[in-house]
Amino acid sequence: MLTTSAKLLLAAVLCTGCAAASAADLTVICNARVPLTAGDVRDLFLGEKQFAGAVKLVPVDNSSAQSVFLEKILKMNAAKYSTTWTKKSFRDGINPPLVTGSDAEALAYVRRTPGACSYVTIPTPPDVAVVARL
Amino acid sequence: MGTTTSRRVTPGRAWAGVLLAACLGHTLVTYAAAGDSDRIAALEHKLDQSLQLIRQLSARVHDLEAQVAQAPPAAAKPTSPGAAAAAPATAAAAPPGTPAATQPGAAAATAPDTAQRLARVEQTVTEMAASAGQHAEDLGMPMHGFADVGVGNHNAEFHQYQGADVGELDFFLTPRLGSRTRALFELNFEVGSDGAVGVDLERAQIGYQFSDSATVWLGRFHTPYGYYNTAFHHGQQIATSLRRPRFIEFEDHGGIMPAHTVGAWLTGSQRVGDDKVTYDVFIGNSQRIQGGILDMNNAGNTHGSTIVGGNLGMLMSGALDGLKVGVDVFQTRILDEDAPSPAPATRVRSYGVYAAYDTDAWEDIAEFHVFDNDDLTGHTGTHRSDAGFVQMGYRAGRYTPYARYERGAFQQSDHFFAAQINGESYYRTALGLRFDVDLVSSLKLELADTHLTDRVTGSYDEALLQYAIRF
């Protein structure tokens, strides 16, 4: 028989779990005129794909959702991501993605920057192209 | 009395002294880290301010939306032009989120007017968010670098020295230019064989990117032979091992292959199914031998000879994910300017094959090169030599033990090798351990045994320690 406080604690744990699961949902977005597919996302954020047709791509990391993105899309942790980009920069002379600090910043940047792509926790952000949902 | 007072005060003073010292120590430590921290802190502060303003504006948008939703239909029409103009003016005069900005009188604003204000506020929010997201772009030209120092019973590069040594300090710049124009500059401060610090413009290349499949570079670049030369080069911190294989060392550190070329380089990659094909084609000034070392003729050469070559590789996928295999070839004409005129010339042809397996756990690299050289002036005919190495490393958390075997069998009747200070045949075995102190620094310990087998015969054992960083 659970006491009232135990029930409250259980409910709080379940709510926290739901919130965490909800926060893990990711949407990969691009500027509306970027013709990109879900299969290109990994190459885009590792510097292997820099153009979509004639459009120069501008990947933008969203630090508020980066850990989930790295785990689900790139299958690597932050340390390996950093090392991968150090090697890439050194070998090919290209720079790692810019970094924004929140969904709002990432969304605003993608909206106004041709070729920009990022990822947010907003399920259906307006005025951008949704490339993939997780 | 006075003594008693003194006893009571002394512990207090001592504690005050301890606190002062602690604060001073903390201040000094903080000050020592202040170089980058100040700039980052300033950016973070600016970002926090922007985010706070965004929150305020968002709250304001929410309030206005609530007003629109609750306003009676009659209030949606302007009561008078003056009232319509006065309401937004009142709200605009008050800071966002303040009572004045959300007072009931403002609810009398018309729906179209409120919509306009909403649009303006939304635009402001968007601009603020965009400017906040712009910070990383506004940092200017990105500069990165590497540095390493070491100690050992021999110098890792020049074995005649022993003790502590400075390896190198390497800066590379990758300015953000246009969407297709690229540039890369690498400046290296390193200690030479004479023990003096020298400065070398290791790379100075400006390129144009046609697509993901084709970028053309002009300037001085890493000669794209094999795998190791373009994969690691000066970045010791990103290399597993403590040093490069001896035969592909830098020219001024005794390498017998042209690690740099001044010329043009076309490079790119193309997906073929899930695999990826990479290619390099290059042409540049042929090198020369001067002072017993290869020189890449930065200013051009006096006879118009060229080095031409290419590299074709394939990155595997699926079960072989992480494996790259490839072949490379180059041909050049090398003049020995140390010899009496006319300078002896050798046509050097190199054929290479390589494989690299790089996964979360393994980093294995193997390269093999054959040299088919032709004496163009000494009439000694053709000479065949070869060199190669195999290196295996296993990443076990922060530790990466590795082993390497390398050998070079260079014909001493071949003027190209005979004229170079380190053109002697050798073989070397090495065992090492890399420890990642953190993400950007690593300690490496290497035990090596080198045997010289023709020009002079002998061997030496090495115990080397290196501390390497990247920034």
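The values are calculated or read from the model by the stated rules, or taken from the named source; none is laboratory data. Remember, it's a predicted structure, so these values are computed and weren't measured experimentally. No Cβ is skipped: glycine too gets one built from the backbone with ideal geometry, and neighbour counts run over all protein chains shown.
Quick look at the numbers
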item	result
Residue within region B:201-219 that is more than 14 Å from chain A (Cβ to nearest Cβ), crowded, with 21+ Cβ neighbours inside 10 Å and of a type in the set (D, E, K, R) present	no
Close pairs (7 angstrom Cβ cut-off, 6 or more residues apart or separate chains): within 13 Å of B:D336 (Cα to Cα) in region B:280-306, in a strand (DSSP E or B) and acidic (D, E) anywhere	B:Q287/B:D295; B:R288/B:D295; B:I289/B:D336
Residue in region B:427-443 that is over 28 Å from B:L294 (Cβ atoms) and β-branched (V, I, T) present	yes
Test: residue in region B:441-458 that is within 14 Å of another protein chain (Cβ to nearest Cβ) and either touching a Ser or Thr at 6+ places or on another chain (Cβ under 7 Å) or part of a loop (DSSP other than H, G, I, E, B) (or both)	no
Flag if B:T174 is within 13 Å of chain A (Cβ to nearest Cβ), over 22 Å from B:P258 (Cα atoms), of a type in the set (S, T, Y) and under 17 Å from the mean Cα position of the chain (by Cα)	yes
Residues that are out of contact with any Gly (no Cβ under 7 Å at 6 or more places or on another chain) and touching a residue at least 60 places away in the same chain (Cβ under 8 Å), drawn from region B:215-226	B:R220, B:F221, B:T223, B:P224
Residue that is farthest from B:H233 (Cα to Cα) [pool: residues in region B:140-156 that are surrounded by fewer than 19 Cβ atoms within 10 Å (Cβ to Cβ) and modelled with pLDDT of 90 or more]	B:N153
Where a residue in region B:350-367 is farther than 15 Å from B:A319 by Cα and within 12 Å of chain A (Cβ to nearest Cβ) and its partner, wherever it lies, is surrounded by fewer than 15 Cβ atoms within 10 Å (Cβ to Cβ) and among the aromatic types (F, W, Y), with Cβ under 9 Å and at least six apart	B:E363/B:Y394
Strands (runs of 3 or more DSSP E) fully within region A:21-134 counting 2 or more residues that are more than 8 Å from every other protein chain (Cβ to nearest Cβ)	A:27-30, A:58-62, A:116-120, A:129-133
Residue count for region B:261-292, restricted to those that are of a type in the set (K, R) and touching an Asp or Glu at 6+ places or on another chain (Cβ under 6 Å)	1
Where a residue in region B:393-406 is in the same structural domain as B:W362 (by TED's automatic domain parsing) and at negative phi and its partner, wherever it lies, is charged (D, E, K, R) and surrounded by 14 or more Cβ atoms within 10 Å (Cβ to Cβ), with Cβ under 6 Å and at least six apart	B:G393/B:E363; B:R398/B:D436; B:T400/B:R434; B:E406/B:R428
Hits in region B:366-409 (condition: at pLDDT below 95, surrounded by 14 or more Cβ atoms within 10 Å (Cβ to Cβ) and of a type in the set (G, A, S))	B:G378
